[in-house]
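Below: the structure, in structure tokens.
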Amino acid sequence: MKKRWLSALLLICAAGSQAQGIEPAPTTVMILGVDHAVQLVASNDRPALLDAFLDRAAPDAICIERAPEAYARGDFYEFTYEVQDVVVPFARRHRIELCPIDWQPPAEDAELGFGIDFETPPELRPAKGVHQFLKFGQDSLARDFFHADGPNNLERVIRWTATPAARGKDDLPRRLYLYRTYLQARRVAAAARAHPGGTVVVVVGEFHKHDIKAVLKDEPGIRLVQPSSLGRPGEAEIEAHDRPEYRVAIASFNLLGTQSSSGAIDWGFVRGAVEALEATGTTPQTQLFRTRLDLLEGRIRRGEAIERYRVIAASAGDAKFSWNGVKDSARVDSYFDPFGNLDVRRRALLEAARELLAARDRPRAERLRDECLAGLSPRQRAQLLGYWQRDVVEAGTKTRP
């Protein structure tokens with residue numbers, strides 16, 4: 001409430017100053033380039049660090065990468081973890097204005113140009129290509145909070161932006177990017193004008209940052225400041241901003257999603273998240289994370305994991321995961337996990353079934369899998385069976401010695 005009152009007062013003062021020919025104080029604009037959802041795998045770019053940075057910046061408004069129309073519906077891109085799960089809750093806790101700045105072409109135009117609906121995944125997400133499950137490679141684990149401003153990253157973005165595709169018909173992504181980013185910049189400028197003399201932080205995909213800065217560079221009333229000028233929050237500061245929902249997201253993404261089979265996991269980072277959750281109490285959710293972590297790190301054998309999963313399933317009741325990244329609750333998946341929308345009991349049964357299948361006990365595996373199906377909608381049942389066959393049975397056959 002205090003910040004809103006102050007913003008209103010600043011607007012009144014600015015109007016008075018302009019009437020007297022006095023220029024209002026410029027608005028400080030910081031553009032933080034991010035790699036969407038990498039906070040879930042990179043300890044030096046983790047959710048609590050973004051939370052701590054925003055607190056240090058003390059913005060009057062935060063611009064986020066979503067179109068105003070979609071934001072008004074409470075609709076976000078499913079893979080922008082840092083937006084809907086860190087920035088938006090932070091802003092609402094601190095009563096900071098949120099300014100959606102993105103632009104997207106109408107669905108009909110996008111389908112005409114690309115031949116695909118980017119917003120709606122198919123019934124079974126493909127193993128590769130658009131709408132595939134999100135996972136990161138080894139390089140992402142080393143990402144630092146201010147990576148977007150590194151010279152190599154900037155050179156890559158500038159080169160792509162300035163270089164048309166060899167064939168004109170293949171140049172739509174670049175042309176659309178330029179128009180989209182220009183409109184993002186204009187919306188940032190509008191947010192800055194609404195907060196004269198204040199601070200506006202922009203959290204946007206790093207690929208957009210350079211061009212937004214180029215558009216705003218000579219904008220009257222805006223003072224562009226690098227986020228790194230505030231310094232990187234220290235470990236104690238970051239720890240003070242950590243939250244249980246951040247830890248659950250880290251554990252879920254790395255232990256239950258497709259990231260778990262990527263070979264790219266910061267085990268210390270994930271272990272720390274699980275241990276912090278355990279320190280607040282034992283629940284079926286934390287027991288499931290612990291079992292999966294111990295199995296993947298080789299502290300327990302398959303047989304012990306199966307027994308643990310069965311015990312968890314027997315005691316979980318109707319417990320749900322406190323975070324799962326699911327956007328469409330009518331589906332069985334999330335953007336990173338084929339089975340992300342299962343409750344804890346069903347997930348424990350499914351993990352036991354996965355290990356039984358790996359142990360070549362297919363009849364018992366399928367009995368537990370079928371227990372997971374009970375109570376799901378026909379659509380969810382079909383998706384679960386489809387992912388089971390492709391991502392568990394067939395994938396296991398390919399990797400089995």
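The values are calculated or read from the model by the stated rules, or taken from the named source; none is laboratory data. This one's a predicted model, so the numbers in the text were calculated from it and none came from an experiment. FYI the Cβ positions are ideal-geometry reconstructions off the backbone, even for glycines, and counts take in every protein chain you see. Side chains included, ligands, DNA and RNA excluded: accessible areas come from the protein's heavy atoms. Shrake-Rupley method; radii C 1.70, N 1.55, O 1.52, S 1.80 Å.
So here's what we get for this one:
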{"read-out": "Answer from GLY298, GLY257, GLY263, GLY268 - the residue that is farther than 17 Å from LYS135 by Cβ, of a type outside the set (Phe, Trp, Tyr) and either in contact (Cβ under 8 Å) with a residue 40 or more places away in the chain or touching a Pro at 6+ places or on another chain (Cβ under 9 Å) (or both)", "value": "GLY268"}
{"read-out": "The stretch 225-242 residues that are closer than 18 Å to MET30 by Cβ, paired with ones that are among the basic types (Lys, Arg) (beta carbon under 9 Å, 6 or more apart)", "value": "LEU230/ARG56; GLY231/ARG56; PRO233/ARG56; GLU237/ARG56"}
{"read-out": "Test: residue in the stretch 138-149 that is touching a residue at least 12 places away in the same chain (Cβ under 8 Å), part of a loop (DSSP other than H, G, I, E, B), out of contact with any Leu (no Cβ under 9 Å at 6 or more places or on another chain) and not charged (D, E, K, R)", "value": "yes"}
{"read-out": "Subset of the stretch 20-55 [among the small types (Gly, Ala, Ser), buried (at least 21 other Cβ atoms within 10 Å of the Cβ) and under 21 Å from THR258 (Cβ atoms)]", "value": "ALA37, ALA42"}
{"read-out": "Residue within the stretch 363-375 that is open to solvent by less than 20 Å² (accessible area, probe 1.4 Å), part of a helix (DSSP H, G or I) and under 15 Å from ARG292 (Cβ atoms) present", "value": "no"}
{"read-out": "Number of the condition not met by PRO59 [criteria: (1) surrounded by 21 or more Cβ atoms within 10 Å (Cβ to Cβ); (2) assigned to a loop (DSSP other than H, G, I, E, B); (3) touching a helix residue (DSSP H, G or I) at 6+ places or on another chain (Cβ under 7 Å)]", "value": "(3)"}
{"read-out": "Complete set of residues in the stretch 251-269 that are in a helix (DSSP H, G or I) and open to solvent by 10 Å² or more (accessible area, probe 1.4 Å)", "value": "THR258, SER260, SER261, TRP267, GLY268, PHE269"}
{"read-out": "Residue check, HIS131 within 30 Å of LYS327 (Cβ to Cβ), open to solvent by less than 70 Å² (accessible area, probe 1.4 Å) and in a helix (DSSP H, G or I)", "value": "no"}
{"read-out": "Residues located in the stretch 174-189, provided they are in contact (Cβ under 8 Å) with a residue 24 or more places away in the chain and not polar (S, T, N, Q)", "value": "LEU176, TYR177, LEU178, TYR179, ARG180, TYR182, LEU183, ALA185, ARG186, ARG187, VAL188, ALA189"}
{"read-out": "In the stretch 136-148, the residues that are touching a strand residue (DSSP E or B) at 6+ places or on another chain (Cβ under 9 Å) and either modelled with pLDDT under 90 or open to solvent by 60 Å² or more (accessible area, probe 1.4 Å) (or both)", "value": "HIS147"}
{"read-out": "GLY197 being on the phi > 0 side of the Ramachandran plot, surrounded by 13 or more Cβ atoms within 10 Å (Cβ to Cβ) and among the small types (Gly, Ala, Ser)", "value": "yes"}
{"read-out": "Residues located in the stretch 95-106, provided they are closer than 18 Å to TYR77 by Cβ, open to solvent by less than 60 Å² (accessible area, probe 1.4 Å) and either free of Cβ contacts under 8 Å to residues at least 24 places away in the same chain or assigned to a loop (DSSP other than H, G, I, E, B) (or both)", "value": "ILE101, ASP102, TRP103, PRO105"}
{"read-out": "Qualifying residue in the stretch 156-171 (condition: in contact with a helix residue (DSSP H, G or I) (Cβ under 6 Å, 6 or more places away or on another chain) and either crowded, with 17+ Cβ neighbours inside 10 Å or within 29 Å of PHE253 (Cα to Cα) (or both))", "value": "yes"}
{"read-out": "ARG308 vs. criteria part of a helix (DSSP H, G or I), in contact (Cβ under 8 Å) with a residue 60 or more places away in the chain and either of a type in the set (Lys, Arg) or in contact with a Lys or Arg (Cβ under 7 Å, 6 or more places away or on another chain) (or both)", "value": "no"}
{"read-out": "Subset of the stretch 149-175 [within 22 Å of ASP109 (Cα to Cα) and small (Gly, Ala, Ser)]", "value": "ALA165, GLY168"}
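The rows are residues; the columns are (1) part of a loop (DSSP other than H, G, I, E, B); (2) closer than 28 Å to HIS36 by Cα; (3) open to solvent by 20 Å² or more (accessible area, probe 1.4 Å).
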| residue | (1), (2), (3) |
| --- | --- |
| ARG271 | no, yes, yes |
| THR280 | yes, no, yes |
| ARG299 | yes, no, yes |
| GLU304 | no, no, yes |
| ASP318 | yes, no, yes |
| ASP328 | yes, yes, yes |
